[in-house]
Amino acid sequence: MMIVMRADATQEDVQSVLACVEELGLTPHISQGVERTVIGVVGDSRNVHLDQVLRQPGVDRIVPITRPYKLASREFNALDSVFQVGGIAVGAGNVIIIAGPCAVEDRFQLLETAHAVRQAGAHLLRGGAFKPRTSPYAFQGMGEEGLELLAEARQATGMPIVTEVMEPEKVQLVSQYADVLQIGARNMQNYALLHAAGASQRPVLLKRGMSATVEELLMAAEYILSHDNRRVILCERGIRTFETATRNTTDINAIPVLKAQTHLPVFLDPSHSTGYWEYVSAIALAGIAAGADGLMVEVHVHPQRALSDGMQSLKPERFAHLVSQIAALCSALGRRMAPPEQIPTPPSERLEWST
Ligand code: PEP
Ligand code: MN
């Protein structure tokens, strides 16, 4: 449920409502609107008498949240959430592009790709250091060494870093390097990991499980939000269907559905959702047209040599072309792409690294 405070409620009124909610054994989450404060209340309220709350000074009314996810719902927060990631505003239709290789493979590959995507207009750099692979014999990622290379790439390009974490025990380590923790499709319902990522207070990019419903994705986001970590980005990355012509099936419907049901930013990963570079641009554009707040695209300087997901990785030139198409689409739709000037100026210049 939500406790809606009156427009003239004072700070003391809000504090006493928070204390009252906690006394009832429930957890309050404040949402400070421009005009009013709303307090989301989660926990088992079946045997709780709310008259006590209603009688508190400054309380206007109590409104139930009908969805099973509470803090993620539009009922709790009618306006789109917007938050900063390394100085870049994410959410509310400010189109953001995350790009980079599937995996960090070596210094040259990462730095070359990072500079190329930055030049093409990407805002954030992706790259996996811990890779969830179907086969235990496949390349598993460079681990902490990969994280160090990502930090170097951030230093060289100014781009904030998005990288995957697969275990709760590694959240602290990955948080030392990452601006955004990625939780992959295979771990969307790893509840210990969701709790740990929530507690880290780092922004989280949460990918939809390959067989998860939209509601299950939102319930997974709720775990992170329940730690009062509000910087959660949802990412559609294709679901399993009977179709084998593509790696997954892009659930384009999920984008407007999510936008209707949650205030959280909604991204699309057209690389994993299609599995083939030939289809990535078409589906990326479809995602933006459907209302996505951003994209996550795999780019590799030499896709044919990639240690993972080469088939779905764009070469930098093609990616640059896609970015120009996205910019054109955004202006046709009356939307805006986050200005690349928002990315901090790189502290070091390109020629400062050697290979
Ligand atoms: C990835 O982003 O490289 C990845 C492994 O994605 P997903 O978890 O969506 O399969
Ligand atoms: Mn990948």
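The values are calculated or read from the model by the stated rules, or taken from the named source; none is laboratory data. Not measured: the values here are computed from a predicted model. All Cβ positions, even for glycine, are placed from backbone atoms using ideal geometry, and neighbour counts span all protein chains on display. Just so you know, the surface numbers come from the protein's heavy atoms only, side chains and all, with ligands and any DNA or RNA stripped out. Shrake-Rupley method; radii C 1.70, N 1.55, O 1.52, S 1.80 Å.
A few notes on this one:
- Modelled FRET efficiency - R0 51 Å, Tyr137 with Glu12, Cβ distances, 0.05 increments: 0.25
- Computed from the C-beta positions of Thr246 and Glu22, the FRET efficiency with R₀ = 45 Å rounds to 0.35.
- Reported to the nearest whole Å, the Cα centre-to-centre distance from the stretch 1-77 to the stretch 308-328 is 45.
- For the chain, the alpha-carbon radius of gyration amounts to 1.03 times the rule-of-thumb value 2.2 N^0.38 Å expected for a compact globular protein.
- Among Gly100, Gly310, Gly33: highest mean-square fluctuation, GNM of the chain, C-alpha pairs under 10 Å: Gly33
- Projected onto their three principal axes, the Cα atoms of the stretch 2-63 cover extents of 31, 19, 18 Å, largest first.
- Most fluctuating residue given options Cys102, Cys235, Cys20, as computed from a GNM of the chain linking Cα atoms under 10 Å: Cys20
- Two-site label geometry, His321 and Asn47: point separation in nm, points 7 Å out along Cα→Cβ: 6.6 nm
- Relative contact order (%) - the stretch 92-224, alpha-carbon pairs under 8 angstrom, separation at least six: 18 percent
- Segment Ile30-Arg336, extension gain: residue separation times 0.36 nm, minus the distance between their alpha carbons: 107.2 nm
- The angle between the Cα long axis of helix 11-23 and the main principal axis of the chain comes to about 90°, on a 0 to 90 degree scale.
- In the stretch 123-222, the ratio of gyration radius to Kirkwood radius, Rg to Rh, stands at 0.97 when only Cα atoms are counted.
- Shown is the FRET efficiency for Ala260 and Tyr191, computed with R0 = 30 Å from the Cβ-Cβ distance and rounded to the nearest 0.05: 0.70.
- Nearest 10 degrees, 0 to 90: helix 316-333 Cα axis against the chain principal axis: 40 degrees
- Scattering from the stretch 206-355 was approximated by placing one identical point on each alpha carbon and applying the Debye formula without solvent; log10 I(q)/I(0) at 0.09, 0.16, 0.20 1/Å stands at -0.33, -0.98, -1.29.
- Helical contribution to [θ] at 222 nm, DSSP H n ≥ 4, -39,500 (n - 2.57), averaged over the chain, rounded to 500: -10000 deg cm²/dmol
- Angle in degrees between helix 214-225 and the longest Cα principal axis of the chain, rounded to the nearest 10: 70 degrees
- Accessible surface of the stretch 83-342, 1.4 Å probe, proportion on carbon and sulfur as whole %: 53 percent
- Shape metrics for the stretch 20-146, restricted to C-alpha atoms - Rg then Dmax, Å: 22.6, 64
- Sorting the segments 208-220, 134-146 by their residues' average number of neighbouring beta-carbon atoms within 10 angstrom, most packed first, yields 208-220, 134-146.
- For chymotrypsin sites (Phe, Trp or Tyr not before Pro), the sites in the stretch 223-271 that DSSP calls loop and that have at most 16 other Cβ atoms within 10 Å are Phe242.
- Looking at the stretch 2-63, the accessible area is 59 square angstrom per residue; that uses a 1.4 Å probe and ignores ligands, DNA and RNA.
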